Amino acid sequence: MTQTAHGVEFTQQPSATPKSAEERAAILANPGFGNYFTDHTAIVDYSVDAEGKGGWHDARVEAYGPISLDPSAAVLHYGQEIFEGSRPTATPTGPSGPSGRRPTPPA
């Protein structure tokens, strides 16, 4: 099955185990944030050719599941990067007490 959205054609591969109408209604009654996940996910690939021209392709909606992620993806390193240029502050309760971080002034 295919469907077009904003000029991009998506193929659809439905989940083998979709939620029932009753389960969906119960979830939608009180969804919360990050408590429930959809049965499907949209995936669109992007690539750049030898001439440096890039484009989106292979758009699809498929069953929710694990994604492949390169270990060098910046998203995995952001947690470390937010502390670059900062250092722990002293606390009145000593080294075991709660502490904050402040930016290190340039040298």
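A compact table of results
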read-out: Extreme residue, farthest from the chain's Cα centre (by Cα), among residues of the stretch 8-30 that are more than 20 Å from Ala42 (Cα to Cα) and not aliphatic (A, V, I, L, M); value: Glu22
read-out: Filtered residue count, the stretch 47-74, keeping only those that are modelled with pLDDT of 90 or more, part of a strand (DSSP E or B) and either over 18 Å from Gln3 (Cα atoms) or in contact with a Gly (Cβ under 8 Å, 6 or more places away or on another chain) (or both); value: 2
read-out: Matching residues, the stretch 19-36, being surrounded by 10 or more Cβ atoms within 10 Å (Cβ to Cβ) and not in a helix (DSSP H, G or I); value: Lys19, Pro31, Tyr36
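The values are calculated or read from the model by the stated rules, or taken from the named source; none is laboratory data. Treat the numbers as computed from the prediction; the structure is a model and nothing was measured. Every residue, glycine among them, receives a Cβ derived from its backbone with ideal geometry; neighbour counts consider all protein chains shown.
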